[in-house]
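Heads up: the structure comes next, in structure tokens.
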Amino acid sequence: MKYIRIIPRLDIKGPNLVKGIHLEGLRVLGKPEDFAQLYYEHGADEIIYQDTVASLYQRNNLTEIITRTVENIFIPLTVGGGIRTLDDINIVLRAGADKISINTAAVNNPSFIDQASRFFGSSTIVVAIECIRQNDGTFLAYTDNGREHTGVEVLNWAREAEGRGAGEILLTSIDQEGTGNGFDLDLIRMVTAAVKIPVIAHGGAANVPHIVDSINSAGADAVAIASMLHYASVKLIGDLTGKYEKEGNIEFLKGKKSFKSFGQENLMEIKSQLNDSGIPLRVLN
Amino acid sequence: MDIAIIDYKMSNLHSVQAACRKVGLSSVITSDQAQILDAKIAVLPGVGAFSKAMNHLVELKLDDCIYRFIESGKPFIGICLGLQLLFDESDEFGKHTGLGIVKGKVKKFHFLENSNSKHPIPQIGWNKVQQTSTIWKDTFLGDNYNDDFMYFVHSHYVVPEDENIILSTTTYGTTEYCSAIKQDNIFATQFHPEKSGKIGIKIYEGIKNKIG
């Protein structure tokens, strides 16, 4: 049996969990450790931390957030954003991460995937592919949160990443990301059919039927969800307003408005509904 | 020191240490033979390539150290690659000799192409362990964990010659494989208790209770 993983993805800017649309326009939601802890209690299968500003790891407080997180959370943690060198990987793993994800560094220098997987083992290296659908129906990979056009075609790039030793692919549709309009099923179907390694689908989930589609209709091995989880969790995390005035856009927290397009279920309820829909996954007893 | 986590420069060992800390076990990450032999329990963790791992063990003279620790009769724990390395040989990228402490082989998952039920290799994620033996209760597992989910990351699985040492099996794709063994003072798992959430931490609590 293959059990589908449901993976909360936490985009981090400075000390804060943030969320945007199309990977931009970031709102501050709270402290990543608090959300990660809640998701762990609710049965998250793994956690992804993504540093949105791709800071330099030598002087990066993300490592402190990682270390605080793994003291209490005993599921795999993947960390990405701005990882450029084998040293960066070492720093992140030593801080307590289990896996790292690379995008820009891999696109700029594909042999970095070979080096990293040889050095740290394939299962430690996740290649993140951020995709934008083109007018002719093909998909191109982008870097720097969708700002940099690379001209790299996604299907070939996924195959190449696998061939070079990637352990998993984290596949983001920038078009769908943050919109709540559902996954890009064509994109997921294309990549899952082309590679043998696990594919984590990301971008667009607003409700349980969206997740079911990505698995049953497009073959996702794991699903990363963000907005639909975070917006529903802000209330649960407690009164966070007023603590994050120094950085970012806190209008969302002050307003306490919810986004109607996103479901209001917490992770435990989401997994239970997926289970009821016949998706094989781990549910806590 | 309660636990020596054997460092052979292969993988992230901090998660094992974090789990020890969580349940109040003292631990040290070390390649030092005296320190390993002195500990109440030795843990051989690891993720990665079998042949490279064996090379590192030999270079650091940790193979001898492991033989001596196991001869001492104190509890020895293998996790993931640390289970596989105990076996005679692996077919990973050609044949490679292991520590030869447990009779048997390490084989790679192989599935026939079937687009309806794709099982990626490596297996990365959660899967169930099915208790197959009554010796289960004599291990750190105690009376728990039958049919529970554990976290796995692997492309290879072990095939012990002596089926009596198999504690549990797990099924991935069309393969039912051995996911934990007990041989004398050796307890080893293909899954990662330190990454298996609260259930996994209970295994560490079991270890803590056993050694007092």
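Could you give the dipole magnitude of chain A about its Cα centre, charging the beta-carbon of Lys and Arg +1 and that of Asp and Glu -1, in debye to the nearest 20? List each step's numbers first, then the result.
On the way: 28 positive and 35 negative charges, 77 e Å.
Approximately 380 debye in magnitude.
Using a Förster distance of 60 angstrom, determine the FRET efficiency expected from the C-beta separation of B:Glu71 and A:Asn156, and round it to 0.05.
Values: r = 53 Å, r/R0 = 0.89.
Here the calculated transfer efficiency is 0.65.
Please sort through the DSSP H helices of chain B and keep those with an alpha-carbon extent of at least 24 Å along the long axis and a Kyte-Doolittle average not below -0.5. Don't jump to the answer; show the numbers that get you there.
Numbers: long enough: none.
Span-like helices, by this rule, are absent here.
With the contact rule set at Cα under 8 Å and sequence spacing of 6 or more, what percent relative contact order holds for chain A?
Numbers: 593 pairs, mean separation 55.8, N = 285.
Here the relative contact order equals 20 percent.
Mind giving me the FRET efficiency for A:Ser217 and A:Ala194? R0 is 22 Å, r the Cβ-Cβ distance, nearest 0.05 is fine.
Working: r = 16 Å, r/R0 = 0.75.
Once the sixth-power term is evaluated, E becomes 0.85.
How large is the dipole of the protein assembly as shown about the Cα centre if only Lys and Arg carry +1 and Asp and Glu carry -1, each at its Cβ, rounded to the nearest 20 debye? Let's see the in-between values first.
Values: 50 positive and 59 negative charges, 145 e Å.
So the magnitude is around 700 debye.
Under a no-solvent Debye model with one identical scatterer per Cα of the stretch B:1-43, what's log10 I(q)/I(0) at q = 0.21, 0.24, 0.26 Å⁻¹?
-0.58, -0.75, -0.86
If you split all Cα-Cα distances of the stretch B:3-211 into 10 Å bins from zero, what percentages do you get per bin, shortest first?
For the stretch B:3-211, the binned pair fractions read 9, 37, 39, 13, 2, 0 percent.
Would you mind pulling out the separation of the Cα centroids of the stretch B:1-45 and the stretch A:84-134, in Å?
Computed from Cα coordinates, the inter-centre distance equals 27 Å.
From the C-alpha coordinates alone, can you work out the Kirkwood hydrodynamic radius of the protein assembly as shown, in Å?
Numbers: mean 1/r = 0.0435 Å⁻¹.
Evaluated on the protein assembly as shown, it is 23.0 Å.
How far apart, in nm, are two points set 7 Å out from the Cα along the Cα-to-Cβ line at A:His149 and at A:Asn90?
Placing both labels 7 Å along Cα→Cβ, they lie 3.9 nm apart.
At 20 °C and 1.002 mPa s, grab the translational diffusion coefficient of the stretch A:1-139 from Stokes-Einstein with a Kirkwood Rh over Cα pairs, rounded to a whole number in µm² per second.
Numbers: Rh = 15.7 Å.
For these conditions, the coefficient is 136 µm²/s.
For chain A, give the share of DSSP beta bridges that are antiparallel, in percent and rounded to the nearest 5; count only bridges with both residues there.
On the way: 15 of 47 bridges.
Antiparallel bridges make up about 30 percent of those DSSP assigns within chain A.
Mean shadow of the stretch A:60-189, computed from the convex hull of its alpha carbons, in nm²? Before the final figure, lay out the partial values.
On the way: hull surface 34.1 nm².
Its average projected convex-hull area is 8.5 nm².
Using only alpha carbon positions, build the gyration tensor of the stretch A:98-170, then give the equivalent ellipsoid semi-axes as the square roots of 5 times its eigenvalues, largest first, whole angstrom.
Working from the Cα gyration tensor, I get semi-axes of 22, 11, 10 Å.
With +1 on each Lys and Arg Cβ and -1 on each Asp and Glu Cβ, how big is the dipole of the stretch A:42-116 about its Cα centre, in debye rounded to the nearest 20?
On the way: 5 positive and 9 negative charges, 37 e Å.
Taking the Cα centre of the stretch A:42-116 as origin, the dipole is about 180 debye.
Using helices alone, what [θ] at 222 nm do you get for the protein assembly as shown, with -39,500 (n - 2.57) per DSSP H run of 4 or more residues, divided over all residues and rounded to the nearest 500?
Working: 17 runs with 154 residues, N = 497.
Roughly -9000 deg cm²/dmol at 222 nm, from the helical runs in the protein assembly as shown.
If you project the alpha carbons of the stretch B:127-188 onto the principal axes, what extent comes out on each, in Å, largest first?
Extents along the principal axes: 30, 25, 17 Å.
Given H placed 1.01 Å from N in the peptide plane, which residues other than close sequence neighbours of B:Gly46 have an amide H under 5 Å from its amide H?
When sequence neighbours closer than 5 places are left aside, the close amide H contacts are B:Leu81, B:Gly82.
Two decimals, Cα atoms only, Kirkwood Rh: what is Rg/Rh over chain A?
Rounded to two decimals, Rg over Rh is 0.93.
Rule-based calculations on the coordinates, nothing more; no lab input. Everything quoted here is computed from the prediction, not taken from an experiment. Note that each Cβ is placed from the backbone with ideal geometry, even for glycine, and that neighbours are counted across all protein chains shown.
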